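Chemist: Starting off with a structure, shown below.
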Amino acid sequence: MEKTYIFEGKTTNEAIEKGLKELKVSKNKVDIKVLESEEKRSFFSILTPRVVKVEMTLKEKIKEEVPEKPEKIEKPHKKEPRVVEFDKDLVISRLDKFLKEFVKNLPQNNLTYKIEIAENDVCVNIEGDNTGYLIGYRGEVLNSIQTILTNIASKDMDFKIKVLLNIGGYREKREKDLENLAGKIAGTVLKTGKSITLEPMSAYERKIIHLKLQDSDKVETYSVGEEPYRKVVVALKK
C-alpha cells in the first residue's frame, strides 16, 4: 500500500523541499499533489500570510537513481548594453498612479516611494518603517509586487519593460548575504573537495552567486534543475 504524507510551507517550493528533506528522498521518488497552493487571490491578499499544503506519495518500485546532469551550464558573461526606446513619462505616470493608490491602502501611512529611470530599467524604491510584510519570505511578496509593476509598465508595449523594485534596502542586504554565503560555500568545497548544491533560488539570486565566484581559479559554479527549483552548484574546477 502506498504511503502518503502531508507537508506545509509558506510557498509550494518550501513545502516540497521540506517534504523531500524529511523523507530523505529525491523528487523522482515521490508523486506530488498540491492540496493548497497559489490559488487566484486579490492583489492585496498577497500581503497576508498563507500556508501551502502538498501531498507526497512514495513510489513503490523505483529504479536506481541516476545523478542529475546539468541541463545547461549557466555562467555570467558580458553583454553589450541594449538600447531600448520607450515613453519614459508615460511609464512613470502609470506606475505613479498605481503606487499612489497602493500606498494609500497599506496599514501604515509613513511609506514613500521614488521612481527613476536607469538606462533601460525602471527603478522603484519604497521606504518606511516595518516593511517586512511587503518583502515576505525570501522576497516572495516583493517579487510579486515587482511582477505587477512590470506588467503595468509594459502594457500595450512591443516589449517588456524591466521594473526593479527595492523595499527598505532589501536588495542590498540580500545581495550581501548571498555574497557571504558564496564565500563560505567555496571555502567548504575547497576543504572537503566535494561539490555543494544550494537551495533553489531565483535567477537574480543565482546571478549574485555566479558573479561572486566567477574569478576564482579553484572553484566553479553552474546551475541545474528547472524553474522554480533551479539551484546553483559550487564545485572544484577540473
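Chemist: Set the Förster radius R0 to 35 Å, insert the Cβ-Cβ distance between residue 152 and residue 226 as r into 1/(1 + (r/R0)^6), and round the FRET efficiency to 0.05. Mind showing how you got there, number by number?
Modeler: Numbers: r = 28 Å, r/R0 = 0.81.
That pair, residue 152 with residue 226, gives E of 0.80.
Chemist: For a quick check: with amide H placed at 1.01 Å from N, whose amide H comes under 5 Å from residue 11's, ignoring anything fewer than 5 positions away on the same chain?
Modeler: For residue 11, whose amide H was placed from the backbone, the distant partners under 5 Å are 52.
Chemist: Once the piece of chain linking residue 59 and residue 236 is laid out straight, how much longer is it, given 0.36 nm per residue of separation minus the C-alpha distance between them? Could you put the intermediate results ahead of the total?
Modeler: Values: separation 177, 0.36 × 177 = 63.72 nm, distance 3.42 nm.
This chain segment gains 60.3 nm when fully extended.
Chemist: So what's the stretch 152-238 giving for Cα Rg divided by 2.2 N^0.38 Å, two decimals?
Modeler: Details: Rg = 15.7 Å, N = 87, 2.2 N^0.38 = 12.0 Å.
Here the answer is 1.31, to two decimals.
Chemist: How much length would be gained if the chain were fully extended between residue 125 and residue 22, taking 0.36 nm per residue of separation minus their Cα-Cα distance, in nm to one decimal? Please list the in-between numbers first.
Modeler: Numbers: separation 103, 0.36 × 103 = 37.08 nm, distance 3.87 nm.
Answer, rounded to one decimal: 33.2 nm.
Chemist: Any chance you could run the full-extension gain for residue 106 through residue 203? It's 0.36 nm times the residue separation minus the Cα-Cα distance, nm to one decimal. Intermediate values should be presented prior to the final figure.
Modeler: On the way: separation 97, 0.36 × 97 = 34.92 nm, distance 2.90 nm.
Answer, rounded to one decimal: 32.0 nm.
Every read-out reported here was derived from the displayed coordinates using simple, explicitly stated rules and does not represent laboratory data. Here the structure is a predicted model, which is why all the values come from computation and not from measurement. Methodologically, a virtual Cβ is constructed for each residue, glycine included, from the backbone with ideal geometry; neighbour enumeration extends over all protein chains shown.
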